[in-house]
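Below you'll find the structure, written out as structure tokens, and then a few comments.
Taken together, the values in this text are just the output of simple stated rules run on the coordinates, not laboratory data. Here the structure is a predicted model, which means the values were calculated and not measured. Every residue, glycine among them, receives a Cβ derived from its backbone with ideal geometry; neighbour counts consider all protein chains shown.
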Amino acid sequence: MVMEGKNTAIKRRNSTTKRQWIKQEDAALVDCLVEIANDPTLKGENGFKTGYLLRLEKMLHLRFSGTNIKATPHIESRYKLLKKHFLAIQEMLNKGSGFGWNDVEKCVTVSKDVFDDWVKVNHPNAAGLRNKKFPHFDSLMHVWRSDYATGTAVETPADAVEEIEKEKHDEVDITDGNDEEWEEGRREKEVDQTESSVCPSTKINQGKKQASNRKRFRSDDGLNDLVAEMHEYVGAYKEANEQIKDIATYFKKEAENTDRKMKIFEEISKLPGLSRQEVIEAGEHILKDAHKIDTFFALPNEFRRDYVMKQLYEVNPYTPSFDFHGGNDA
């Protein structure tokens, strides 16, 4: 009887902690995380401060009236799951060999064998993430980039792919250098063989001449090596500058996108004739598609309400009802 009571308690606890999150709730949670990540009263250098879960609960309740989402255990559990998947993907792209990122489908791409082997050795938390959509990766970069940066440099999926290509290029350069050393050794061997085939008196004179020539060649080679190194340095410097510009442009664009996402509900609420529920539904639907966000902010103010009504129709298409009972009762 004691064991039966204990099992019942465990089942009751599991039923209260587990919750099936829908896509709209996940997207709203990520948006709220991005928003409070910019609030110094809730986000510090070492992560979120006490009280952030309750703030998230209030923000989600404003977006979903009547929801049963609680700070603990629902939001806390979902937060841990999102962070676990984010860090696993980040580690795969930065440290894994053979991994890629599909920026259209927002998922990790890799062969099954390579993925399974890597998961076993490196990151059990990555199990199930192969070809699985993770649409919030770019947004969560703003939430946890400082947490992940304590261990290694923060890279976006595009940065990770670029780094892999650079490593392949470096391998080709190293091989070319070895070929040059082999060719130089071959030339010296040919000189030695020529010396051994001439008479002693001629050999002495040739030896002095060849010694002088080798000294001059080595001096020239040293100068050529110095010039080559200078060219390499200048090329690397230019490439580094381009990469820094690309990174700065990326983060600037991401910051602008985040600002616009945070303003979308505010701008829709300014439009006349919309209920709170319509504002929420239209905002959530537009936030799912970056193109829709761009379109909304590009439209003149007098066209925005028509565009929002179009989005609401996509969310809730109008279906006429028919009275099959012959009209109103007298």
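Cross-link pairs exceeding 29 Å in C-alpha to C-alpha distance, out of LYS106/LYS238; LYS58/LYS292; LYS58/LYS120; LYS238/LYS288, comprise LYS106/LYS238; LYS58/LYS120; LYS238/LYS288.
Could you tell me whether region 20-155 comes out rounded, prolate or oblate from its Cα gyration tensor? Rule is a ≥ b ≥ c as square roots of the eigenvalues, rounded for a/c under 1.5, then prolate if a/b exceeds b/c, otherwise oblate. Verdict is prolate for region 20-155. Sorting SER275, SER269 from the fewest to the most surrounding beta carbons within 10 angstrom yields SER275, SER269. Counting other Cβ atoms within 10 Å as a rough exposure proxy, the listed residues PHE86, PHE265 run PHE265, PHE86 from fewest neighbours to most.
Only the Cβ atoms of Lys and Arg (+1) and of Asp and Glu (-1) were treated as charged; on that basis the dipole of region 23-134 about its Cα centre amounts to roughly 240 debye.
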